[in-house]
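A quick write-up on the structure given underneath.
The values are calculated or read from the model by the stated rules, or taken from the named source; none is laboratory data. As the structure is a prediction and not an experimental result, all values here were calculated from the model. Positions of Cβ are backbone-derived with ideal geometry, glycine not excepted, and every protein chain shown enters the neighbour counts. Side chains included, ligands, DNA and RNA excluded: accessible areas come from the protein's heavy atoms. Shrake-Rupley method; radii C 1.70, N 1.55, O 1.52, S 1.80 Å.
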Amino acid sequence: MAATVIDGKALAAATKAEAAEKVRELKSRGINPGLAVILVGEDPASKVYVNGKEKDCTECGIQSFSHRLPAETSQEELLALVRELNADRLVDGILCQLPLPKELDEEAVINAIAPDKDVDCFHPYNVGKMLIGEPEFLPATPAGVQQMLVRSGVDIRGKHVVVVGRSNIVGKPMAALMVQRGADSTVTVVHSRTKDLASI
């Protein structure tokens, strides 16, 4: 079976154009969406990712509130910032870039973000809503993959989908989205402990 190449850049450009149009419509009704992004430390990959998010916000007309904190930021300082952003009416979404420095408790930070501002879909409430097919938000990478398939005309209904990896950020939510009503695929999750991976 021949592979199909999906042009991710073209799809991203189309998606951003649609988002910009939705933002314009919201602004016409007096709603000015805002995203707060928290970056703790100097992880190079995280910095690139956050810079990209801030650039995308600018291109789509979304207010971007950047909070770049030193690696030595304490747990209480970070949680205090999250509480402040939860209460800020200008902030509609909060995104805390992971991984955090190893001295910080990621789970406590994720759980501190208000579920209705948890645009990463990491809070247990939002993960649960996604699993039962009633999502408030979708995790970015799995949702992006899903959109790439849909917009490229790849019909996965009734197909056997193999998800490589079982992380909470990509693998598990990807499997959950692929098995939902509408996607209707049969899903196998493989990972580093899977025996005879090539056969699957």
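Would you mind checking the tilt of helix 140-151 against the longest principal axis of the Cα atoms of the chain, expressed as 0 to 90 degrees and rounded to 10?
Approximately 50 degrees, to the nearest ten.
Quick one: 3J(HN,Hα) in Hz for the range 26-43, Karplus 6.51/-1.76/1.60 with θ = phi - 60°, rounded, Gly and Pro as x.
The phi angles translate into 5, 5, 5, 9, x, 9, 10, x, x, 10, 9, 10, 10, 10, 10, x, 10, 4 Hz.
Please arrange Ser192, Ser66, Ser185 by accessible surface area, largest first, computed with a 1.4 Å probe and ligands excluded.
On the way: Ser192 110, Ser66 60, Ser185 10 Å².
Order by accessible area, largest first: Ser192, Ser66, Ser185.
Could you tell me which of rounded, prolate or oblate describes the range 116-200, using a ≥ b ≥ c as the square roots of the eigenvalues of the alpha-carbon gyration tensor, with rounded for a/c under 1.5 and, failing that, prolate when a/b is larger than b/c and oblate otherwise?
On the way: a/c = 2.02, a/b = 1.33, b/c = 1.53.
Oblate, because a/c is 1.5 or more while a/b does not exceed b/c.
For the chain, build the charge dipole from Cβ charges (+1 Lys, Arg; -1 Asp, Glu) around the Cα centre, then report which of Ser199, Leu78, Asn168 sits farthest towards its positive end.
Checking the options against the dipole of the chain, the answer is Ser199.
For the chain, set up a Gaussian network in which alpha carbons nearer than 10 Å are linked by springs, and say which option among Gly133, Gly30, Gly61 fluctuates the most.
Gly30
About the Cα centre of the chain, what is the dipole size in debye to 20, counting +1 per Lys and Arg Cβ and -1 per Asp and Glu Cβ, all else neutral? Show your work: numbers first, answer last.
Numbers: 23 positive and 27 negative charges, 157 e Å.
Here the size comes out at about 760 debye.
In the range 45-106, carbon and sulfur make up what percent of the accessible area (probe 1.4 Å)? Display every interim value, and only then the final one.
On the way: 2020 of 3560 Å².
Carbon and sulfur together cover 57 percent of it.
Angle between the Cα long axis of helix 44-60 and the longest principal axis of the chain, 0 to 90 degrees, nearest 10?
Roughly 80 degrees between the two axes.
How much area per residue is accessible in the range 1-90 when the probe is 1.4 Å and only protein heavy atoms are counted (Å²)? Let's see the in-between values first.
Details: 5780 Å² over 90 residues.
Heavy-atom SASA per residue in the range 1-90 reads 64 Å².
Stokes-Einstein at 20 °C, 1.002 mPa s, Kirkwood radius from Cα pairs: D for the range 117-164 in µm² s⁻¹?
On the way: Rh = 12.0 Å.
Calculated translational D: 179 µm²/s.
Using the Karplus curve 6.51 cos²θ - 1.76 cosθ + 1.60 with θ = phi - 60°, what ³J(HN,Hα) values do you get for each residue of the range 76-84, in whole Hz, with x for Gly and Pro?
Karplus values, whole Hz, x for Gly and Pro: 5, 5, 5, 5, 5, 5, 4, 4, 4.
Out of every Cα pair in the range 1-132, what percent are spaced more than 22 Å from each other? If you can, show how the numbers build up before the last one.
Working: 3933 of 8646 pairs.
For the range 1-132, the fraction of Cα-Cα distances above 22 Å is 45 percent.
At a probe radius of 1.4 Å, what is the per-residue accessible area of Leu11, in Å² to the nearest 10?
30 Å²
Show me, for the range 188-200, the HN-Hα J-couplings you get by feeding each phi into the Karplus relation (A = 6.51, B = -1.76, C = 1.60, θ = phi - 60°), rounded to Hz, glycine and proline as x.
3J(HN,Hα) across the range 188-200, in whole Hz: 10, 9, 10, 7, 5, 9, 5, 7, 6, 4, 4, 5, 8.
Kindly sort Leu138, Leu79 by accessible area of their heavy atoms, largest first, with the probe set to 1.4 Å. Show your work: numbers first, answer last.
On the way: Leu138 60, Leu79 30 Å².
The most accessible residue leads, giving Leu138, Leu79.
Keeping every protein chain in place, order Asp105, Asp196 by accessible area at 1.4 Å, biggest value first, i.e. largest first. Walk me through the intermediate numbers first.
Numbers: Asp105 75, Asp196 105 Å².
Result of the area sort, largest leading: Asp196, Asp105.
Using the Cα centre of the range 28-116 as the reference point, and only Cβ charges (+1 on K/R, -1 on D/E), how large is the resulting charge dipole? Debye, rounded to the nearest 20.
Numbers: 8 positive and 16 negative charges, 83 e Å.
Computed charge dipole of the range 28-116: roughly 400 debye.
In a shell of Cβ-Cβ distance under 15 Å around Gln63, excluding Gln63 itself, what net charge do Lys and Arg (+1) and Asp and Glu (-1) give? Display every interim value, and only then the final one.
Numbers: positive: Lys22, Arg24, Lys27, Lys53, Lys55, Arg89, Lys117; negative: Glu54, Asp56, Glu59, Asp88, Asp92.
My count for the surroundings of Gln63 gives +2.
What accessible surface, in Å², does a 1.4 Å probe find on Lys129, ignoring ligands, DNA and RNA and rounding to the nearest 10?
40 Å²
Taking the chain as a Gaussian network, Cα atoms linked when under 10 Å apart, which of Pro99, Pro44, Pro173 shows the biggest mean-square fluctuation?
Its mean-square fluctuation being the largest, the pick is Pro44.
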